[in-house]
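Have a look at the structure below before the remarks.
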Amino acid sequence: MPELPEVEVVRRGLVAHVAGRTVATVSVHSDRAVRRHPGGAADFRAVVPGHRVEDVRRRGKYLWFAMDSGDAVLAHLGMSGQFRLNGSGPDGARGPDHVHLRVRWSFTDGGPDLDFVDQRTFGGLQFVPGGADLPDPVRHIARDPLDPGYDQEAVVAAVRRRRTEIKRALLDQTVVSGIGNIYADEALWLARLHYARRTEALTRPDVRRVLVAATEVMTAALAAGGTSFDSLYVNVNGESGYFERSLHAYGRQDEPCDRCGTPIRRDAFMNRSSFYCPRCQRRPRS
DNA sequence: CACGGAACCTGCCCGC
DNA sequence: TGCGGGCAGGTTCCGT
């Protein structure tokens, strides 16, 4: 599950349902899901049980289980990863295994299992010794706009130091984290900036405007439970968010711009789609 | 070192 | 009905 609001929805669900519980057993149904764990599947299965989850933390699109030992289990959902509780109904009965079940944790309290489900297998888990505070593999990720330590003016400066297009900078997780393809397009629409505007030519107010827009749109999306177009993006109880109805640009090709009525356009950019209003967001002349 | 594109996967939807 | 191409919310890695 992709961008910051959706990952934060998952994090909150994990805090509510997993914090305070001790892992009993781990089963790995696909080695690829733990490919980033240095010791491989066998080591992952062996090292995680016995730890109690103290907290679940997040930076950008990464989240991690902070264990009582000071270690961490780091997770990234990739394009299609989900955490799902299995056995949380009134009778505690487990459902059939999901087709894309990759990793399962059981707990010493005998309560619901935690399943990591991932269709496209870009996501995964790894154990990071001593990583409870900030796992090493997350060190290169910039703070996200919802982080108390987020410094917007520092990000403004970092963006203007780049020599690239504004959308590339927004998607660069070492500049500012948490923004993905949906919220980049939404923020650019709100700020009336074309995705290909050169970062070095933007004014500080331009960059500030798009960063404020990104913060606001992600905050609103979080309040709505995230954005989801289908069952691929759900919370730990399998429920979808409903922010899709609030999108102005993303996925709205040929539909009228909510500001000026001009049909929204879709361009291929960075091996993906960019949606924008050709009138409100003028293409820079190159 | 910074930048830009390809690669990594599975599944669905469309047109032929 | 079947097949090929395009597309999907992300990140890493490699060449320039």
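To keep it simple, each residue is scored yes or no on (1) of a type in the set (S, T, N, Q); (2) open to solvent by 10 Å² or more (accessible area, probe 1.4 Å); (3) within 15 Å of DNA strand C (Cβ to nearest atom).
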| position | (1), (2), (3) |
| --- | --- |
| A:Pro49 | no, yes, no |
| A:Asp71 | no, yes, no |
| A:Gly81 | no, no, yes |
| A:Ala93 | no, yes, no |
| A:Asp147 | no, yes, yes |
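Checked against (1) surrounded by 13 or more Cβ atoms within 10 Å (Cβ to Cβ); (2) within 16 Å of DNA strand B (Cβ to nearest atom), A:His140 passes all but a single condition, namely (1).
Every residue, every condition in (1) of a type outside the set (D, E, K, R); (2) crowded, with 20+ Cβ neighbours inside 10 Å; (3) more than 16 Å from DNA strand B (Cβ to nearest atom); (4) assigned by TED's automatic domain parsing to the domain that holds A:Gly40, yes or no:
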{"position": "A:Pro96", "(1), (2), (3), (4)": "yes, no, no, yes"}
{"position": "A:Val99", "(1), (2), (3), (4)": "yes, no, no, yes"}
{"position": "A:Arg102", "(1), (2), (3), (4)": "no, yes, no, yes"}
{"position": "A:Gly111", "(1), (2), (3), (4)": "yes, no, yes, yes"}
{"position": "A:Gln119", "(1), (2), (3), (4)": "yes, no, no, yes"}
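What about A:Arg94, is it basic (Lys, Arg) and at pLDDT 95 or above? Against the criterion (basic (Lys, Arg) and at pLDDT 95 or above), A:Arg94 does not qualify. For the range A:1-47, filtered to residues that are more than 30 Å from A:Leu146 (Cα to Cα) and among the aliphatic types (A, V, I, L, M), the residue that is surrounded by the most Cβ atoms within 10 Å (Cβ to Cβ) is A:Val26. Looking only at the range A:121-146, residues that are at positive phi and either at pLDDT below 95 or not assigned by TED's automatic domain parsing to the domain that holds A:Ser80 (or both) come to 0 in all. The condition of being of a type in the set (Gly, Ala, Ser), out of contact with any strand residue (DSSP E or B) (no Cβ under 7 Å at 6 or more places or on another chain) and open to solvent by less than 70 Å² (accessible area, probe 1.4 Å) holds for A:Ala154. Does any residue of the range A:17-24 turn out to be under 28 Å from A:Ser177 (Cα atoms) and in contact with a Leu (Cβ under 8 Å, 6 or more places away or on another chain)? Within the range A:17-24, one or more residues are under 28 Å from A:Ser177 (Cα atoms) and in contact with a Leu (Cβ under 8 Å, 6 or more places away or on another chain). Restricting the range A:237-254 to residues that are within 16 Å of DNA strand B (Cβ to nearest atom) and farther than 30 Å from A:Leu85 by Cβ leaves a set whose member that is surrounded by the fewest Cβ atoms within 10 Å (Cβ to Cβ) is A:Asp254.
Only one of the listed residues (A:Arg162, A:Arg197, A:Arg192) is within 16 Å of DNA strand C (Cβ to nearest atom) and not polar (S, T, N, Q). That residue is A:Arg162.
The values are calculated or read from the model by the stated rules, or taken from the named source; none is laboratory data. This is a predicted model, so every value here is computed, not measured. As a convention, Cβ positions derive from the backbone with ideal geometry for all residues, glycine included, and neighbour counts pool all protein chains shown. Areas reflect the complete protein model, heavy atoms only, side chains present, ligands, DNA and RNA absent. Shrake-Rupley method; radii C 1.70, N 1.55, O 1.52, S 1.80 Å.
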